[in-house]
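Visitor: Sharing a structure, written as structure tokens. Questions coming.
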Ligand SMILES: [Zn+2]
């Protein structure tokens with residue numbers, strides 16, 4: 001593949017990204033579904049890594065779920081914490097570790113908060129970038145595999161990196177693993193056009209309006225102090241009729 005082809009690919013990728021998820025077949029989204037019934041299940045899936053862990057998007061979500069034997073009961077609808085970085089900024093992440101009561105109504109209401117990671121990958125099947133959106137515990141396991149694989153590769157080539165290489169993600173022992181995968185040189189060249197791409201993580205994270213969050217916290221079955229919602233509640237009630245549809249991220253493909 002020539003540099004011209006790669007540049008053309010990048011241009012098409014930018015166009016596709018601005019069109020949203022429309023280039024995916026029905027039931028497939030920008031998010032790679034993880035879990036037993038997802039795309040990254042026990043058989044796993046080979047994807048090309050587009051960034052190293054320091055360049056993965058770290059943000060926070062509010063979620064409060066309990067396992068009921070078959071699935072999960074949610075106290076409220078899972079949503080992005082407003083006190084989250086809006087871009088990849090590994091140095092700033094520390095300042096977001098504690099709940100931000102001034103910045104986020106859900107933090108103020110004491111809603112359970114978890115760190116999440118978006119891992120940008122290239123999908124060999126759909127020929128575009130996608131993200132693996134995963135909780136801290138799973139990201140930690142994947143990073144540990146990443147480090148092991150890179151350390152091994154660097155014994156033979158000090159400049160070796162997994163970024164731009166095919167890796168196989170798999171569900172293992174209620175978490176996920178990463179090992180080296182197979183792809184053709186042409187596929188890798190196509191994938192590499194997306195390295196350094198502006199993935200617009202904040203858009204993918206779907207930050208909601210405060211009114212919208214107040215509405216969903218008001219509907220919570222538990223786990224939140226609704227008394228802090230008071231002042232904004234009336235405004236939210238007035239707007240409750242024109243609530244926007246939630247993105248596919250809402251689908252819960254955890255175990
Ligand atoms: Zn929050």
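The values are calculated or read from the model by the stated rules, or taken from the named source; none is laboratory data. Not measured: the values here are computed from a predicted model. Cβ sites come from the backbone with ideal geometry, for glycine too, and all protein chains shown count toward neighbours.
Visitor: Being over 14 Å from residue 122 (Cα atoms) and either touching a helix residue (DSSP H, G or I) at 6+ places or on another chain (Cβ under 6 Å) or not in a loop (DSSP other than H, G, I, E, B) (or both) is the filter here; which residues of the range 157-181 pass it?
Guide: Result: 160, 170, 171, 172, 175, 176, 177, 178, 179, 180.
Visitor: How do the strands (runs of 3 or more DSSP E) wholly within the range 66-145 filter down when requiring 3 or more residues that are within 16 Å of the ligand (Cβ to nearest atom) and closer than 16 Å to residue 206 by Cα: which remain?
Guide: Passing ranges, in order: 113-123.
Visitor: Within the range 224-245, does at least one residue satisfy the condition of being crowded, with 19+ Cβ neighbours inside 10 Å and modelled with pLDDT of 95 or more?
Guide: yes
Visitor: For the range 63-75, check the following and say yes or no: at least one residue is farther than 25 Å from residue 176 by Cα and either more than 14 Å from the chain's Cα centre (by Cα) or at pLDDT below 90 (or both).
Guide: For the range 63-75, residues farther than 25 Å from residue 176 by Cα and either more than 14 Å from the chain's Cα centre (by Cα) or at pLDDT below 90 (or both): present.
Visitor: Can you tell me which of (1) closer than 18 Å to residue 54 by Cα; (2) out of contact with any helix residue (DSSP H, G or I) (no Cβ under 9 Å at 6 or more places or on another chain) is the one residue 184 doesn't meet?
Guide: In the conditions (1) closer than 18 Å to residue 54 by Cα; (2) out of contact with any helix residue (DSSP H, G or I) (no Cβ under 9 Å at 6 or more places or on another chain), residue 184 misses (1) alone.
Visitor: Given (1) modelled with pLDDT under 95; (2) surrounded by 14 or more Cβ atoms within 10 Å (Cβ to Cβ), where does residue 175 come up short, assuming only one miss?
Guide: Every listed condition holds for residue 175 apart from (1).
Visitor: A follow-up question, please. Is it true that residue 150 is more than 16 Å from the ligand (Cβ to nearest atom), assigned to a loop (DSSP other than H, G, I, E, B), within 29 Å of residue 38 (Cα to Cα) and without any contact (Cβ under 8 Å) to a residue 60 or more places away in the chain? Spell out how you get there, then give the answer.
Guide: Working: more than 16 Å from the ligand (Cβ to nearest atom): yes; assigned to a loop (DSSP other than H, G, I, E, B): no; within 29 Å of residue 38 (Cα to Cα): yes; without any contact (Cβ under 8 Å) to a residue 60 or more places away in the chain: yes.
For residue 150, the condition - more than 16 Å from the ligand (Cβ to nearest atom), assigned to a loop (DSSP other than H, G, I, E, B), within 29 Å of residue 38 (Cα to Cα) and without any contact (Cβ under 8 Å) to a residue 60 or more places away in the chain - is not met.
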